[in-house]
Amino acid sequence: MGSRMMHYCITSEVNKRIYSSLEARIHLGGLAPDLTHPVYAPKSVTHFVRIDKEGKKRTDYEFFAQKYKDNFDDSFYVGYLSHLVADHIWYETMYLKLIKALPEEERQAAIEKGYRDFRRLNKLLLREYPLSPPMEVPVIDNVLIDGLYPEYIPDIANQLIGDFHIEEPFSPDDLEIYSLDTILEYIRLSIEETLKVLDTTIRMRR
C-alpha cells in the first residue's frame, strides 16, 4: 500500500485541519498498522481486512471507525483511521489498476518498480510537503487496537526518520510505475475521506 512518507503527508494535513497544536500521536497512529517487526501481527488483523460476498478483500475502515468511535479524542486513533482509509483508496485506485491487472508473471517486477518509486517519491513529496521528521516519539501505552503492539512503535517511527535521509536528486520523470500527480491526488483523496468519516462518526456519537 502507500509508503510511510505518504501516510506522514496525510496525517500532517489532517493534523493541520483538526488540531490547533501539533499532535505527535496522530503521526504514530498513521504508521502503526504497518508495524509487523519485530513482532508478527497479521496484516489482515491490523488493517481490519474483510472479505465481501464476492470474495473481494477490503480494508474496512468504517468498521474501525464504529468500533473505536469513543476514542477519537485521542489523535492516535485518528491517525490509525487515516492509514486504513488511505490503504483502501490505494488498493482501489493503484493496486487493482497498476499491479493486479497485470499478467501474473509481470506483477513481481511491477511491485519492485513500485518500491523503487517509493524511495524516489520520498524526496519528491518533501518538495510538495515541506515536512520535518518527528522530533519526538511519545510513549504510547494507553492504546488498545486489535493486533497492535504499541511498545514497538518507536521502531517504525525510526524507519520514517530514515526515509528523510535521501541524497540522490530525483525528478518526476524518474518514476517507473507511479506518477507524482497521481500520488498527490491519492493523498488528497485520503485526507478528504478521513475527515468525512471522522465528521460522520463524531456527529453520530452525539
The exposure ranking of Tyr91, Tyr19, fewest beta-carbon neighbours within 10 Å first, is Tyr19, Tyr91
How would you rank Arg203, Arg58, Arg119, going from fewest to most other Cβ atoms within 10 Å of each one's own Cβ?
-> Arg203, Arg119, Arg58
Given the Cα-Cα distance of Glu104 and Ile202 and 0.36 nm per residue of separation, how much length would full extension add, in nm?
-> 31.0 nm
Taking 0.36 nm per residue of separation between Thr93 and Glu167 and subtracting their Cα-Cα distance, the length gained on full extension comes to 23.7 nm
Net lengthening on full extension, Asp181/Lys53 (0.36 nm per residue, minus Cα-Cα) = 42.7 nm
In the structure shown, do any of Lys43/Lys113; Lys43/Lys69; Lys57/Lys123 have a Cα-Cα gap over 29 Å, and if so which?
-> Lys57/Lys123
The farthest towards the positive end of the charge dipole of the chain, of the residues Leu35, Tyr8, Ser190, given +1 on Cβ of Lys and Arg and -1 on Cβ of Asp and Glu, is Ser190
For region 124-206, taking Cα atoms only, what is the radius of gyration to one decimal and the Dmax to the nearest whole Å?
-> 17.1, 50
Starting from the coordinates of the alpha-carbon atoms of the chain, obtain the Kirkwood hydrodynamic radius over all distinct pairs and give the value in Å to one decimal.
-> 17.6
For the chain: relative contact order, % (alpha-carbon pairs under 8 angstrom, 6 or more apart) = 31
Sort the following peptides by mean Cβ neighbour count (other Cβ atoms within 10 Å, averaged over residues), highest first: 153-159, 108-114, 138-144, 10-16.
-> 10-16, 153-159, 108-114, 138-144
Cα-projected label distance for Asp70 with Asp141, points at 7 Å along beta-carbon direction, nm | 2.4
For a footprinting-style exposure proxy, rank Glu62, Glu185 by other Cβ within 10 Å, fewest first.
-> Glu185, Glu62
Here region 131-140 yields Karplus 3J(HN,Hα) values (6.51, -1.76, 1.60; θ = phi - 60°; whole Hz; Gly and Pro given as x) of 9, 10, x, x, 7, 9, 10, x, 5, 10
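A short reminder: the numbers here are calculations on the coordinates, not readings from a lab. Not measured: the values here are computed from a predicted model. Using ideal geometry, Cβ is built from the backbone for each residue, glycine included, and neighbour counts are taken over all protein chains shown.
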